[in-house]
Amino acid sequence: MSKLGNLGARLYRGEVGYDFVGKRMLWYGLSILITITAIVGLAVRGLNMGIEFEGGAVFNTPKTSASVSKAEESAEKAAGHDAIVQKLGEGEMRIQIAGVDIEKSDQIKRALAEDLDVKAGDINADLVGPSWGEQIANKAWQGLAIFMVLVVIYLAIAFEWRMALAALIALIHDITITVGVYALVGFEVTPGTVIGLLTILGYSLYDTVVVFDSLKEQSKDITKQTRFTYSEVANRSINGTLVRSINTTVVALLPVAGLLFIGGGALGAGMLNDISLSLFVGLAAGAYSSIFIATPLVADFKEREPQMKALKKRVFAKRAAAAAKGESAEAPHTADDEPQDDEYEDAAAPAVVGPRNQPASRGRGKGRPSGKRR
């Protein structure tokens, strides 16, 4: 078995682990800092909205020997607005200019034809009205709102409302960071960006649900035992699915990174940037929020319940009593301690309370400790 696979198996069995939930205030502080940075970037720089949202014109030129910088200079001089020029195959160019009407479009076309040494009739001009862009933006916001509502309803039914609330906060966290990065980087926001955002929300939700499902299973009948608090069981759920989350995130990020850094960066295919950046940032933020935000939030919400507060007191009281007697409240997991389907203690955690070298019972399998359930 590979080292990563062996680590994953040990994490799943609870032999090793990292206290994600115990250090949740550190993760909360880091997320707040990143979120504030994103909001400030959005407020100061704003989003570079594409012509699909603001309206404008797109000019496609035939093959020309002119440089991108010359085409950009010519377009901005004729339009009086910033222009985005992209080099296409066979020496063709795509020039986008926001805030252009029909009359201005004809003027720009003539100026481009003269400066780029091509025929004006060979330049294709497509106009996008601002009303159409506004309609697209409204539909995008409506789709996002409907998605959020459906997510909350589904999680509240499948799990519970606390998990639904935690997942909603994590999704808002992912959206804010992704939009903030767009504002700071200055990439153009296009319909492809909206598609990328909706895609990463689905991925982030999937990653969160995997952890929640494990938590729901391990926390079943949790108040009937006195060995682990809810936060400790939640931490086991994160560790048990940690390697799976890392693997799926890395596999998903590799092709997106190829689109962003190789396709959009090295090869100059700028049209790939709008969707690849949202996917790359969103996938990374989604994996982070699933591990460091969503599940710790659920633990915080649950620990406020009277039953969980009472459980926490019983667990700590039992551990204090065991420590006073010089006994260990928890013991390491061994291969002989396979979980029983009807025993929460073994299924929920690897540790066993009390002495381990007890005689075997006839009614139980070979090598299993005897005695009453605790």
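The values are calculated or read from the model by the stated rules, or taken from the named source; none is laboratory data. Remember, it's a predicted structure, so these values are computed and weren't measured experimentally. Glycine also receives a Cβ, built like all others from the backbone with ideal geometry; neighbour counts cover every protein chain displayed. For accessibility, only protein heavy atoms count, side chains too; no ligands or nucleic acids. Shrake-Rupley method; radii C 1.70, N 1.55, O 1.52, S 1.80 Å.
Test residue 60 against the criterion of being under 13 Å from residue 126 (Cβ atoms) and not hydrophobic (A, V, I, L, M, F, W, C), and give yes or no. I'd like the intermediate steps shown before the answer.
Details: under 13 Å from residue 126 (Cβ atoms): yes; not hydrophobic (A, V, I, L, M, F, W, C): yes.
Against the criterion (under 13 Å from residue 126 (Cβ atoms) and not hydrophobic (A, V, I, L, M, F, W, C)), residue 60 qualifies.
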Practice task
May I ask you to say which residue of 243, 251, 256 is open to solvent by 30 Å² or more (accessible area, probe 1.4 Å), over 16 Å from residue 299 (Cα atoms) and part of a helix (DSSP H, G or I)?
Solution key: 251
Handout entry: Criterion: open to solvent by less than 40 Å² (accessible area, probe 1.4 Å), touching a residue at least 60 places away in the same chain (Cβ under 8 Å) and within 17 Å of residue 187 (Cα to Cα) - qualifying residue of 129, 50
Key = 50
Exercise for the section: Starting from the range 17-43, take each residue that is closer than 24 Å to residue 240 by Cα and at pLDDT 90 or above and list its partners that are open to solvent by 80 Å² or more (accessible area, probe 1.4 Å) and of a type outside the set (Ser, Thr, Tyr), counting only C-beta distances under 6 angstrom and pairs at least six apart or across chains. Expected result: none
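If the requirement is being touching a His at 6+ places or on another chain (Cβ under 7 Å) and surrounded by 19 or more Cβ atoms within 10 Å (Cβ to Cβ), which of these qualifies: 98, 75, 83?
Working: 75 fails: touching a His at 6+ places or on another chain (Cβ under 7 Å); 83 fails: touching a His at 6+ places or on another chain (Cβ under 7 Å).
The match here is 98.
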Exercise for the section: Evaluate the range 225-232: report whether one residue or more is open to solvent by less than 20 Å² (accessible area, probe 1.4 Å) and acidic (Asp, Glu). Expected result: no
